[in-house]
Amino acid sequence: MNAFGYRGVGISVEGDNEISIELNGSPIDIETNDDQTVFGSALTFGEFESPESLARAVVDTQVGLANPMIDLGDVSEMSEASGLDVRRNVAELSDADRTKFRDAVFLLKERGEYDKYIKFHGFTDNLGHFGPAFYPWHRVFLRNFELELQNLSPESADVTLPYWDYTSANVDAAGGSAIWREDFFGMNGYVDLTWSGEDGTEQKWVLPGYEGLRGRIEQRDGIRRNPFSLTSRFVNPQAFNDALRHRDYRRFAPAFEGPPHGGAHVTLGVGGGNDQGNFATAVNDPFFMLLHCNVDRMWAKWQDLMREDWLADNPGQSYPATQLAEDYHWDKSDVAHTAPHTVHAARAMPDRHNLTDVMWPWDASKSHEDRPDSQMVTDADRRIYRPIDTLNHHDLGYTYDNIDPTGFVA
Ligand SMILES: [Cu+2]
């Protein structure tokens, strides 16, 4: 048997026949003979190729319990050893790491490279929303952004995209906000961001004017958010858990794209001309990236909850291969990310949403209807992405410090 452990205590394998698991803070010792009974479920421990496979064995015993919660500890040490970039909770970043990420985003903005992400999200519109490619499209989008940040400068080489867990109040030790800060990307309402540029001149955050898919976007200064409490959570964890319980992607995908994801957008800034109210301006707020990083984490968590090996045997459930059994039915006003609901009707898969469709704009410059010919791709080796290329985020070179595959959101 392999021996491995988790930093931070969670699951550790101490020898050939002892595994200790900490469950809700209390250690449990399990003999690794053949069949074991833990909490009323049969548990067979064999050889474990990786901590993940051990975790899955534990999941097997825990799924179905009323409140499965196992602390897997911090897996980042292991992940770093594997060469994957580790994405962390923005509320838990050190001051230095938070500032480093901010400075990388500012540098990207200053060099004129941030704005393409605003436009590509705007032009993508229904090619990356309102259908199952929602998760794959945003996964590649975020990874492109993260890699571009890393390639900007020697200082930013180890920057990773933090996630914003909006089911948490994200309060710092002093009781203030750990994330809505003057020294990060600002607070609520109208945010005027300025910083000192590479040549020492004052730089300013500006939304670029451009001719969007649904009309002209006028140039303006700063970031516009709703007024909201700086220390309240945006989305009830129950909404996450309700979505995570769906075993079929066709149900999970719209359920999570709705209130758990859309609710954060809406509270942050839908309505009144605020950035998040429109596909064409949503990415002007850099918190878009952090919000969607959490969405991506929840997709990864769902995949882990449903177990990749199970999904591999049931591809129709990991990603709908031909048709949606459940349709998306949105209020298709120009409001981005409002809640969809499902209706029970089959229909053809939307264009660019099939498992092996090439997603725009990672399509080697093939244009699509009114979209500009474009390549926003910064990964020179691989310019084409299909949903099937995105199903395992490790293949894209990153992981999360906490997916917690055994538990629902606390
Ligand atoms: Cu989007």
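Select, from 209, 176, the only residue that is in contact with a Leu (Cβ under 9 Å, 6 or more places away or on another chain) and open to solvent by less than 30 Å² (accessible area, probe 1.4 Å).
On inspection, the qualifying residue turns out to be 176.
If residue 116 satisfies all but one of (1) within 16 Å of the ligand (Cβ to nearest atom); (2) open to solvent by less than 20 Å² (accessible area, probe 1.4 Å), what's the number of the condition it fails?
The failed condition is (2).
Among residues belonging to the range 268-288 that are touching a residue at least 60 places away in the same chain (Cβ under 8 Å), part of a helix (DSSP H, G or I) and away from the ligand (no atom under 11 Å from the Cβ), point out the one that is nearest to residue 206 (Cα to Cα).
Among those that are touching a residue at least 60 places away in the same chain (Cβ under 8 Å), part of a helix (DSSP H, G or I) and away from the ligand (no atom under 11 Å from the Cβ), it is 284.
With the condition kept exactly as written, say whether any residue in the range 356-377 is at pLDDT below 65 and within 21 Å of the chain's Cα centre (by Cα).
For the range 356-377, residues at pLDDT below 65 and within 21 Å of the chain's Cα centre (by Cα): present.
Scan the range 248-262 residue by residue and report those that are out of contact with any helix residue (DSSP H, G or I) (no Cβ under 7 Å at 6 or more places or on another chain) and open to solvent by 10 Å² or more (accessible area, probe 1.4 Å).
Those that are out of contact with any helix residue (DSSP H, G or I) (no Cβ under 7 Å at 6 or more places or on another chain) and open to solvent by 10 Å² or more (accessible area, probe 1.4 Å): 250, 251.
Taking the stated definitions as given, is residue 101 within 16 Å of the ligand (Cβ to nearest atom) and not acidic (Asp, Glu)?
No, not satisfied.
Mind checking whether some residue in the range 130-145 is of a type outside the set (A, V, I, L, M, F, W, C), closer than 29 Å to residue 253 by Cβ, within 16 Å of the ligand (Cβ to nearest atom) and in a strand (DSSP E or B)?
For the range 130-145, residues of a type outside the set (A, V, I, L, M, F, W, C), closer than 29 Å to residue 253 by Cβ, within 16 Å of the ligand (Cβ to nearest atom) and in a strand (DSSP E or B): absent.
Please determine, by comparing only the residues of the range 179-205 that are farther than 16 Å from residue 99 by Cβ and among the polar types (S, T, N, Q), which one is surrounded by the most Cβ atoms within 10 Å (Cβ to Cβ).
188
How many of the residues in the range 187-214 are assigned to a strand (DSSP E or B), in contact (Cβ under 8 Å) with a residue 40 or more places away in the chain and not hydrophobic (A, V, I, L, M, F, W, C)?
Count: 3.
Just name the residue that is nearest to the ligand (Cβ to nearest atom) out of those in the range 146-156 that are in a helix (DSSP H, G or I) and touching a Lys or Arg at 6+ places or on another chain (Cβ under 9 Å).
The qualifying residue nearest to the ligand (Cβ to nearest atom) is 146.
The values are calculated or read from the model by the stated rules, or taken from the named source; none is laboratory data. It should be emphasised that the depicted structure is a prediction, and the values quoted were computed from it without experimental measurement. Glycine gets a Cβ as well: all are built from the backbone with ideal geometry, and neighbour counts include every protein chain shown. Heavy atoms of the whole protein, side chains included, go into the accessibility calculation; ligands, DNA and RNA do not. Shrake-Rupley method; radii C 1.70, N 1.55, O 1.52, S 1.80 Å.
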